[in-house]
Amino acid sequence: MLVSSDERPQFDQIDLFDIIRQLWAGKKTIFISVVACIILAAIYAFTAQEKWTSTAIITLPDSGQVSAYTQAENVLYPRSAPSTREIQNAFFKRFQGGIAALSIQLQNQEEKEELSSEEMSKDQRDQIKISYVGLTSKDAQTKLNEYLKKVDSSIVTDVDGDLDANIKARTNELKDAISSLEKVAKQKKDDRLHILNQALIIAKQSNIEEPQLNNSSVVTDDTLFSLGSNALTSMIDNYKNAPLPLDSDYYSTMQNLLSVESLNQNKRIISTFRYIMKPNLPIRKDSPKKAIILIISVLFGGVLGSGYVLTKNFIQKEI
């Protein structure tokens with residue numbers, strides 16, 4: 001039988017009133033359900049482990065923080081040293097990698113810890129937000145500060161170690177270059193002495209004791225004997241005691257060596273990041289949200305109790 005449109009609202013009203021009547025009749029059951037859910041929720045809310053999140057915002061180290069390293073690179077490799085910006089980016093990327101590695105390490109512990117990082121935005125990739133979840137507000141702030149310093153210190157130690165190794169290698173390279181230049185200079189001196197001694201032998205064999213030169217004469221290695229044995233003897237004696245004939249390359253290399261060796265005496269204080277915002281002290285915990293939990297428990301208890309009452313009545317009607 002078809003039901004007219006005029007009759008439908010009436011039946012709907014009757015059904016709604018019937019549901020309300022059933023719920024009112026079962027109000028005791030619903031109340032007990034709500035109270036039970038509130039009790040369970042309260043037990044959870046007041047015994048669950050609290051979580052507090054401390055956050056820091058960091059960016060590239062400033063030029064002052066890497067100035068000692070930049071200067072060292074310029075001394076070591078004056079023609080191919082990286083720019084300050086390149087060094088800043090390199091340090092910051094290493095720091096980000098260190099944070100990511102530490103985050104994985106903390107997650108793999110028996111008692112897991114939550115450390116996370118993310119870019120502030122796609123337009124600000126050099127600004128990173130780092131968060132740590134602790135059991136108390138102070139614990140979260142302290143641990144985040146500790147982990148940031150730990151990663152930074154570890155990278156600084158590695159960078160300093162790499163720089164020391166480069167300084168040592170460059171020092172040995174320059175010392176070898178200086179040794180080679182000294183050997184070349186000594187060989188030049190020996191060759192010159194050999195030429196002078198040969199000229200002296202010729203002068204003595206030719207019985208030339210005094211110079212046999214006129215104003216237009218040009219003395220070459222082949223005509224040195226014309227200076228006479230007396231002059232050649234004096235020249236040889238003086239040349240034996242003369243310093244090595246070192247050229248400008250030697251003194252330039254020596255200057256570079258002194259500059260590199262002086263780096264070992266400099267105190268290199270560097271950092272791989274700079275704070276935009278230091279780890280904050282959170283004032284609101286992440287969980288448990290007691291008020292929200294209690295509100296949800298009331299709603300859930302009401303729905304659970306109502307469902308039980310309506311289902312029970314339906315089954316009884318069917319029977």
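The values are calculated or read from the model by the stated rules, or taken from the named source; none is laboratory data. Just so it is clear, the structure is predicted and the values come from calculations on it, not from any experiment. Glycine also receives a Cβ, built like all others from the backbone with ideal geometry; neighbour counts cover every protein chain displayed. To get the accessible areas, we keep the full protein, side chains included, count just its heavy atoms, and leave off ligands, DNA and RNA. Shrake-Rupley method; radii C 1.70, N 1.55, O 1.52, S 1.80 Å.
Kindly establish whether residue 180 is without any contact (Cβ under 8 Å) to a residue 40 or more places away in the chain and either farther than 23 Å from residue 90 by Cβ or touching a strand residue (DSSP E or B) at 6+ places or on another chain (Cβ under 7 Å) (or both). It would help to see each step written out before you state the result.
Numbers: without any contact (Cβ under 8 Å) to a residue 40 or more places away in the chain: yes; either farther than 23 Å from residue 90 by Cβ or touching a strand residue (DSSP E or B) at 6+ places or on another chain (Cβ under 7 Å) (or both): yes.
Yes, satisfied.
Residue 88 - would you say it is open to solvent by 60 Å² or more (accessible area, probe 1.4 Å), in contact with a Leu (Cβ under 9 Å, 6 or more places away or on another chain) and on the phi < 0 side of the Ramachandran plot? No; evaluated as a whole, the condition is false for this residue. Annotation: residue 191 fulfils all but one of (1) without any contact (Cβ under 8 Å) to a residue 40 or more places away in the chain; (2) more than 30 Å from residue 223 (Cβ to Cβ); the unmet one is (2). Of all residues in the range 167-179, one or more are surrounded by fewer than 14 Cβ atoms within 10 Å (Cβ to Cβ) and within 27 Å of the chain's Cα centre (by Cα).
Of these, 158, 162, 152, which one is open to solvent by less than 60 Å² (accessible area, probe 1.4 Å), of a type in the set (D, E, K, R) and in a helix (DSSP H, G or I)?
Working: 158 fails: open to solvent by less than 60 Å² (accessible area, probe 1.4 Å); 162 fails: open to solvent by less than 60 Å² (accessible area, probe 1.4 Å).
The match here is 152.
Just give me the residues in the range 24-43 being open to solvent by 90 Å² or more (accessible area, probe 1.4 Å), within 14 Å of residue 288 (Cβ to Cβ) and touching a residue at least 60 places away in the same chain (Cβ under 8 Å), in sequence order. Result: 40, single match. Does residue 168 satisfy the criteria of being of a type in the set (Lys, Arg) and touching a residue at least 12 places away in the same chain (Cβ under 8 Å)? For residue 168, the condition - of a type in the set (Lys, Arg) and touching a residue at least 12 places away in the same chain (Cβ under 8 Å) - is not met. When residue 128 is tested against the conditions (1) more than 26 Å from residue 67 (Cα to Cα); (2) outside any helix (DSSP H, G or I); (3) open to solvent by less than 80 Å² (accessible area, probe 1.4 Å); (4) touching a strand residue (DSSP E or B) at 6+ places or on another chain (Cβ under 7 Å), the lone failure is (1).
For the range 224-319, the helices (runs of 4 or more DSSP H) that sit wholly inside it and include 3 or more residues that are open to solvent by 80 Å² or more (accessible area, probe 1.4 Å) and more than 30 Å from residue 190 (Cα to Cα) are 290-318. Residue 192 falls short on exactly one of the conditions (1) surrounded by fewer than 16 Cβ atoms within 10 Å (Cβ to Cβ); (2) of a type in the set (D, E, K, R); (3) farther than 27 Å from residue 259 by Cβ, and that condition is (1). If you go through the range 44-67 and keep only what is in a helix (DSSP H, G or I) and surrounded by fewer than 17 Cβ atoms within 10 Å (Cβ to Cβ), you end up with 44, 46, 47, 67. Looking only at residues in the range 198-223 that are aliphatic (A, V, I, L, M) and not in a helix (DSSP H, G or I), the one that is surrounded by the most Cβ atoms within 10 Å (Cβ to Cβ) is 208.
Look at residue 48 and say whether it is modelled with pLDDT under 85 and either among the small types (Gly, Ala, Ser) or touching an Asp or Glu at 6+ places or on another chain (Cβ under 8 Å) (or both). It is true that residue 48 is modelled with pLDDT under 85 and either among the small types (Gly, Ala, Ser) or touching an Asp or Glu at 6+ places or on another chain (Cβ under 8 Å) (or both).
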